[in-house]
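*Asks:* Dumping the structure here so I can ask a few things about it.
Taken together, the values in this text are just the output of simple stated rules run on the coordinates, not laboratory data. Given the structure is predicted, the values throughout are model-derived calculations rather than measurements. Don't worry about glycine lacking a Cβ; one is built from the backbone with ideal geometry, like all the others, and counts go over all protein chains shown.
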Amino acid sequence: LTFLNGVNVQDIFEEGLSTLSKGGDFVIFLKEKSEQFLDHIMAYLPRMHIPIERKDVGEGWVLTCRGANHKDPLQLSSVQLKRENLACRVLGSGNLFSPFHVTAETPRKDFDDDTSNERDDEMRPKSILDNIRELLLNAQKYGCWVEGHGGVGMVPLNPSIRRALGGLPVSAILYSAIELWEDMQMDDDELMEIAIRDVSYQIKLHNDEKHRNSIPSTPLRKAKISEESRSPRRLFNPRKDPTVLCLKLTGLTCRLDTFSFRVEPKEPISQYDPVFEGTGSLAIEDASINVTIECLKKKDVVSKSLVPIFVLKEYDFELESIDLSFQETGFDWVLNYAIVGFREIISDLVAQNMKEGVRYQICNSLDKLNEVARNNADVILKLLGIHIEDLELE
């Protein structure tokens, strides 16, 4: 089993192009594929081999760990991850697993009285919407943001967005921009820029009532925002940031319920050398995985032309707490005395093997991805909405 087990990468690229050509929601496409990729990761982790064969634990002892039947390789029993501990950004999008993004896994609730959710507001993560709320409140204070004037009067449907704005009405322009931001089609700076321009427009209306009817209608401005913001080029700008994937998993809990172990002398002397065998358990708390992948370009050795490639820019696998315990030796007092000072070494062995295993799978997946990219460079560039000149050399 690998990260790309059963995945046809070329089909995914072609599906992405089809989504764009048919005017579909590209962010929804990215979200669906990101969830599928995460499913592959979570399916792989419990099956990942953690080879510990005659590893030196000091004081003349070596350790071997295998499955409960003494034959199978050492593998995790389970891996758990809460959805709120996910952060996934693809091609310049915001977090595809943002709490503001209402999905089937996060049922929509109706809130008739937003003021009754003060506790939810305290628990809600801060965002650019908090800054926009302050901006609108200041404009409202001076009579420049009035419901029913200058197009102000729409209320976001998403209750999380509505609460973040304190129930304030917005204009059609800002409403459209918030929708794009919620769909990860617009970043924080762009949304704030539109909010500032919209407030400035309202201030101008307030100061010069005669110009109200001469201001361009909001549908034209809304169409302009939508047309520009929904293009892939606006999502991904490699000249500014070549990152195509930024994945962060935190709060991972891993369990290895039962495994067999064997502790024996490193250098056998006779057939009467002490050998201790038994079972153990492993618990990992608060593990985290950070992966950043960039898109660059290099000269293909066969065609001599420049092609896009995907490279691993950053990889970090942290295991904050590893609890390793042994039972059923028959000579626990001897074994515990032998390994009591080496638990940290044993934990490091497990951590190192897990880190190397995941890194190998990521690099292996990138190799397969780059093979497809090399043979389908035009497709990749169209999907990313860029030209080969936009990419930096590896």
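*Asks:* On a C-alpha basis, how far is the centre of segment 130-144 from the centre of segment 1-65 in Å? Whole number, if you could?
*Replies:* So the two Cα centres are separated by 45 Å.
*Asks:* By its C-alpha gyration tensor, with a ≥ b ≥ c as the square roots of the eigenvalues, how is segment 1-78 shaped: rounded for a/c under 1.5, else prolate for a/b larger than b/c, else oblate? Spell out each step's value before the answer.
*Replies:* Details: a/c = 4.30, a/b = 4.02, b/c = 1.07.
Prolate, because a/c is 1.5 or more and a/b exceeds b/c.
*Asks:* Same structure again: What is the distance in Å between the Cα centroid of segment 362-386 and that of segment 163-191?
*Replies:* The two parts, judged by their Cα centres, are 33 Å apart.
*Asks:* Moving to a separate point now. Could you list which residues have their amide H under 5 Å from that of N376, counting only those 5 or more apart in sequence or on another chain, with H placed in the peptide plane?
*Replies:* Placed amide hydrogens put nothing under 5 Å from N376.
*Asks:* So what are the ³J(HN,Hα) numbers for segment 274-280, from phi and the Karplus equation (6.51, -1.76, 1.60; θ = phi - 60°), rounded to whole Hz, Gly and Pro as x?
*Replies:* Running phi through 6.51 cos²θ - 1.76 cosθ + 1.60 with θ = phi - 60° gives x, 10, 10, 10, x, 10, x Hz.
*Asks:* A further question follows. Using 29 Å as the Cα-Cα cut-off, could you pick out the over-long pairs in K304/K382; K266/K313; K33/K240?
*Replies:* Details: K304/K382 21 Å; K266/K313 39 Å; K33/K240 24 Å.
In this structure, K266/K313 lie more than 29 Å apart at Cα.
*Asks:* Please list 3J(HN,Hα) in residue order for segment 359-368, calculated via the Karplus relation 6.51 cos²θ - 1.76 cosθ + 1.60 where θ = phi - 60°; whole Hz, with x for glycine and proline.
*Replies:* Working through the residues one at a time gives 4, 4, 5, 5, 5, 5, 5, 5, 4, 5 Hz.
*Asks:* Further, regarding this structure: Tell me the trypsin sites (Lys or Arg not before Pro) within segment 14-55 that lie in a loop according to DSSP and have at most 14 other beta-carbon atoms within 10 Å. Write out the running numbers ahead of the final one.
*Replies:* On the way: sites: K22, K31, K33, R47, R54, K55; in loops: K22.
Filter output for segment 14-55: K22.
*Asks:* Between I52 and residues 5 or more places away or on another chain, which pairs have amide H atoms under 5 Å apart, with H built 1.01 Å from N, and which residues are they?
*Replies:* C65, L74
*Asks:* Let me ask you something else. Calculate the spin-label point distance for Q80 paired with E394, positioning each point 7 Å from the Cα along the beta-carbon direction, and give it in nanometres.
*Replies:* 4.1 nm
*Asks:* Around H70, which amide H atoms from residues at least 5 apart in sequence, or from another chain, sit under 5 Å from its own amide H, with H modelled in the peptide plane?
*Replies:* S260
*Asks:* Still on this model: Kindly write out, for segment 246-261 in residue order, the coupling ³J(HN,Hα) from the Karplus curve 6.51 cos²θ - 1.76 cosθ + 1.60 (θ = phi - 60°), rounded to whole Hz, with x marking Gly and Pro.
*Replies:* 10, 10, 10, 10, 10, x, 5, 10, 10, 10, 10, 5, 9, 9, 9, 9
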